[in-house]
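Since every read-out is calculated from the coordinates, none of them should be taken as a lab result. The model shown is predicted, which means the values in this text are computed figures rather than measured ones. For neighbour counting, all protein chains shown are included, and Cβ atoms are generated from backbone atoms with ideal geometry for every residue, glycine included.
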Number of protein chains: 2
Amino acid sequence: MLSTTERTRLKRAKHKARTDRGELYDLLDEGLVCHLGVVVDGSPRVLPTGYGRIGDTLYLHGSTGARSLRPEGEVCVTVSLVDGIVLARSGMHHSVNHRCAMVFGTPRLVTDEEERTAGLRAITEQLAPGQWDVVRRPDAKEMAATRVLALSLEEASVKVRTGPPNDDPQDHATPIWAGVQPVRTVFDPPVTDPGLAHDLPAPEHVLARVTGR
Amino acid sequence: MLSTTERTRLKRAKHKARTDRGELYDLLDEGLVCHLGVVVDGSPRVLPTGYGRIGDTLYLHGSTGARSLRPEGEVCVTVSLVDGIVLARSGMHHSVNHRCAMVFGTPRLVTDEEERTAGLRAITEQLAPGQWDVVRRPDAKEMAATRVLALSLEEASVKVRTGPPNDDPQDHATPIWAGVQPVRTVFDPPVTDPGLAHDLPAPEHVLARVTGR
């Protein structure tokens with residue numbers, strides 16, 4: 001079960017809230033990038049960045065020089081997926097079918113080398129499943145230049161909207177078309193780096209991700 | 001030209017910065033949702049939400065009760081589009097080809113009814129082009145329950161990554177495949193609301209958005 005705190009409890013549209021921890025995992029595992037919210041000099045900053053999950057921990061990484069990876073206190077990590085555009089009979093009922101996870105907490109700087117490597121592996125595999133085992137691993141210099149943060153999934157919320165528009169009853173009889181336009185993210189066939197020194201085909205785990213293959 | 005301030009100047013990967021205001025407009029006009037960053041009780045909160053642009057102003061809306069629409073001071077609005085997964089020869093050079101706009105500022109509460117309507121129209125049209133002119137417009141009750149915020153595009157940055165991986169020279173000769181897996185957002189054929197009272201076809205402006213049609 002997901003925690004309920006003041007900020008993870010939905011104030012409006014409470015029916016959109018999900019409390020199953022499995023839904024949180026599924027959503028996080030499907031996303032490609034998160035939006036990391038930090039406070040810098042008192043103002044919010046929102047950065048798209050990669051992430052990875054191991055159990056109940058989310059990993060983030062960046063350059064040791066990145067200001068966003070040295071947050072003042074808490075962060076908010078949001079992963080949102082758009083599933084469709086809700087086309088209603090009235091302007092105000094237009095909406096987006098989506099799934100959104102929000103995670104709140106104070107990240108922990110990971111110092112243990114084994115956990116740092118596991119975190120980087122999780123981040124790489126989230127973006128590019130199957131790649132970690134076939135590419136060159138980080139060397140000592142790269143590890144030294146990289147900051148890895150761990151964020152507990154203890155305080156998190158999941159919000160989901162599905163289905164047709166929720167028009168007002170008095171609008172239902174109007175002769176205006178309504179429905180949902182589904183939106184999907186697709187992966188196209190890989191494009192080989194023109195600088196590749198060898199005549200190598202794209203590996204099977206990359207081809208397997210191509211949508212509709 | 002885009003402004004350069006302390007927080008819109010890229011500290012790393014400076015070659016990814018774009019300074020053409022037209023690129024900012026194009027990116028904002030292509031996105032479906034933004035990620036709105038606000039500070040609530042001193043902590044960041046990142047919410048996916050709709051938006052619309054008119055000239056150099058971004059419009060946001062929400063319920064009058066929404067805490068996120070009554071921000072403490074500044075906000076950050078980020079619109080990011082994923083174009084591809086960069087598959088490198090080394091783990092640390094894996095990346096995302098993406099376009100990202102960040103807008104900073106203190107939003108203005110819109111009170112003029114004409115501007116409020118124009119803002120809501122822009123937000124609806126961003127999500128669902130062509131819909132505003134065919135659906136029921138907001139009535140007085142809906143307008144009273146809606147907060148419209150305007151954010152100037154004066155302080156904004158655009159960051160773009162394109163092309164193949166930037167592997168280290170010493171990795172280029174290794175027999176590891178590298179390239180880019182393109183990622184696209186597609187719109188599928190619309191699904192009619194099962195509760196539609198009339199036998200109406202989906203309108204042409206909705207069908208026109210279907211990818212590959």
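Of all residues in segment A:72-90, those that are small (Gly, Ala, Ser) and in a loop (DSSP other than H, G, I, E, B) total 2.
Among the residues of segment A:152-180, those that are under 18 Å from the mean Cα position of the chain (by Cα) and under 28 Å from A:Arg209 (Cα atoms) comprise A:Leu153, A:Val158, A:Lys159, A:Val160, A:Arg161. All told, A:Asp167 meets the bar of being more than 27 Å from A:Thr49 (Cβ to Cβ), among the acidic types (Asp, Glu) and touching a Gly at 6+ places or on another chain (Cβ under 9 Å). Across segment B:129-144, the qualifying residues are those that are under 13 Å from A:Trp177 (Cβ atoms) and touching a residue at least 12 places away in the same chain (Cβ under 8 Å), and the one among them that is farthest from the other protein chains (Cβ to nearest Cβ) is B:Gly130. All conditions but one from (1) closer than 29 Å to A:Gln170 by Cα; (2) out of contact with any strand residue (DSSP E or B) (no Cβ under 8 Å at 6 or more places or on another chain); (3) surrounded by 13 or more Cβ atoms within 10 Å (Cβ to Cβ) apply to B:Glu204; the one that does not is (3). Taken over segment B:90-128, the criterion of being closer than 30 Å to A:His61 by Cα, in contact with a helix residue (DSSP H, G or I) (Cβ under 7 Å, 6 or more places away or on another chain) and more than 7 Å from chain A (Cβ to nearest Cβ) is satisfied by B:Arg99, B:Ala101.
Matching residues to (1) within 7 Å of chain B (Cβ to nearest Cβ); (2) in contact (Cβ under 8 Å) with a residue 24 or more places away in the chain; (3) part of a loop (DSSP other than H, G, I, E, B):
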residue: A:Val158; (1), (2), (3): no, yes, no
residue: A:Pro165; (1), (2), (3): yes, yes, yes
residue: A:Gln170; (1), (2), (3): no, no, no
residue: A:Ala173; (1), (2), (3): yes, no, yes
residue: A:Trp177; (1), (2), (3): yes, yes, yes
residue: A:Pro182; (1), (2), (3): yes, yes, no
residue: A:Leu196; (1), (2), (3): yes, no, yes
residue: A:Leu200; (1), (2), (3): yes, no, yes
residue: A:Gly212; (1), (2), (3): no, yes, yes
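Taking the criterion of being outside any helix (DSSP H, G or I) and β-branched (Val, Ile, Thr), the residues of segment B:91-127 that qualify are B:Val96, B:Val103, B:Thr106, B:Val110, B:Thr111.
Residue count for segment B:98-110, restricted to those that are over 18 Å from B:Cys34 (Cα atoms) and crowded, with 20+ Cβ neighbours inside 10 Å: 1. Scanning segment A:133-150 for residues that are crowded, with 16+ Cβ neighbours inside 10 Å and closer than 18 Å to A:Thr49 by Cβ turns up A:Pro138, A:Glu142, A:Thr146, A:Arg147, A:Val148, A:Leu149, A:Ala150.
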